[in-house]
Amino acid sequence: MKKPNVIFMGSSEISVKPLMELINNYNVIAVVTQKDAPVGRKKILTPTPVKVVATSNNIKVFTPANIKKEYTDILSLDPDVIVTCSYGQIIPKEIIDYPKYGCINIHASLLPKYRGGAPIQRAIMNDEAFSGVTIMYMDEHMDTGDMICSEKIKIEDTDNLSTLSDKISSVGSNLIIETINNIINGKTIRTKQNDEEATYAPIIKKDDELLNFDKTAREVFNKIRAINPNPGSYFKLNNKIIKVYESKVLDKESTSPGLITNISKEGIEIDCADKKILITKIKPEGKKIMLVKDYINGIKKENFIGKCIDK
């Protein structure tokens, strides 16, 4: 059987493993990704992880600013199938309807739950026991197309955005190969989504990063890991931003949400609505990410204990 010509559309790190599997199994004729963007404090112009993989494999790369207007050169390559995964733009009908085997999306949730741009983050924030991957046919709306297959993934307390994304990427890369083979062999079944069961996962905004210690310790813990490592959550103390990367819930009753009750080599204890949370890894303003045990070497603990987090 002749290998199908595949165009892959993706941008973030979670897209890399599926792209590599497609390269290993099919004829990937082009990659469509977002434009290079400034990264870090020095704002160095940096290609997406997907572009890096495509370039290293001598695959043609397209970086349209507006895919709804800039797609004719892409379709001129006559793909048999188009696969999308965390691309970052809404795909127009002209692309969706073109390939003979369809335009297939790898979505990082168990649809119809968590449609939208931040399904992994929102699942962790909401203390879900499971996440997963759904392979679906695309339509003109946000994650509403017919489903082909899915696989459930347990969310462990040790998971954060990075580790769960890696699990989902691995599962998705296997499922997409199985799916394309089944499509070619006419073995797929389309299942319509139940819109009444749909929930949504809006993208993370700056307001989502701020920790609210009026919430339960479990809710604070979940928010911290849901956006670790990027963009990272934070609180303000003495009008300075302290980003937070790791924590754990303590079995200690709290009295005043937002109050710092202790600082030690173990971490910073902060009262939440029900229990205390221990902050163990932080990034103080203007400094690198560090363990609290390293941070306390350069501070006077009495300047922090008893202080309330800035509202």
Residues that are of a type in the set (Val, Ile, Thr) and closer than 22 Å to LYS223 by Cα: does the range 115-127 have at least one?
yes
From the list VAL32, VAL53, VAL28, exactly one residue is buried (at least 18 other Cβ atoms within 10 Å of the Cβ), assigned by TED's automatic domain parsing to the domain that holds ALA118, within 22 Å of the chain's Cα centre (by Cα) and closer than 13 Å to THR84 by Cα. Which is it?
VAL32
Is it the case that ASP139 is modelled with pLDDT under 95, outside any strand (DSSP E or B) and touching a helix residue (DSSP H, G or I) at 6+ places or on another chain (Cβ under 7 Å)?
yes
Right, LYS252: among the basic types (Lys, Arg), surrounded by fewer than 18 Cβ atoms within 10 Å (Cβ to Cβ), more than 17 Å from ILE124 (Cα to Cα) and at pLDDT 95 or above or not?
yes
What about LYS152, is it in contact (Cβ under 8 Å) with a residue 12 or more places away in the chain and closer than 28 Å to ALA37 by Cβ?
no
What number of residues within the range 1-44 satisfy the criterion of being in contact with a strand residue (DSSP E or B) (Cβ under 6 Å, 6 or more places away or on another chain), more than 21 Å from ILE91 (Cα to Cα) and aliphatic (A, V, I, L, M)?
1
All positions within the range 155-165 that are without any contact (Cβ under 8 Å) to a residue 60 or more places away in the chain and either surrounded by 14 or more Cβ atoms within 10 Å (Cβ to Cβ) or part of a helix (DSSP H, G or I) (or both):
ILE155, THR163, LEU164
Residues in the range 15-49 that are within 24 Å of LEU164 (Cβ to Cβ) and in contact with a helix residue (DSSP H, G or I) (Cβ under 6 Å, 6 or more places away or on another chain) total 8
Do we have ASP97 as surrounded by fewer than 17 Cβ atoms within 10 Å (Cβ to Cβ), free of Cβ contacts under 8 Å to residues at least 12 places away in the same chain and assigned by TED's automatic domain parsing to the domain that holds THR179 here?
yes
Number of the exception - LYS187 against (1) under 27 Å from PHE8 (Cα atoms); (2) at pLDDT 95 or above; (3) charged (D, E, K, R):
(2)
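The values are calculated or read from the model by the stated rules, or taken from the named source; none is laboratory data. The structure displayed is predicted, hence computed values, not measured ones. Methodologically, a virtual Cβ is constructed for each residue, glycine included, from the backbone with ideal geometry; neighbour enumeration extends over all protein chains shown.
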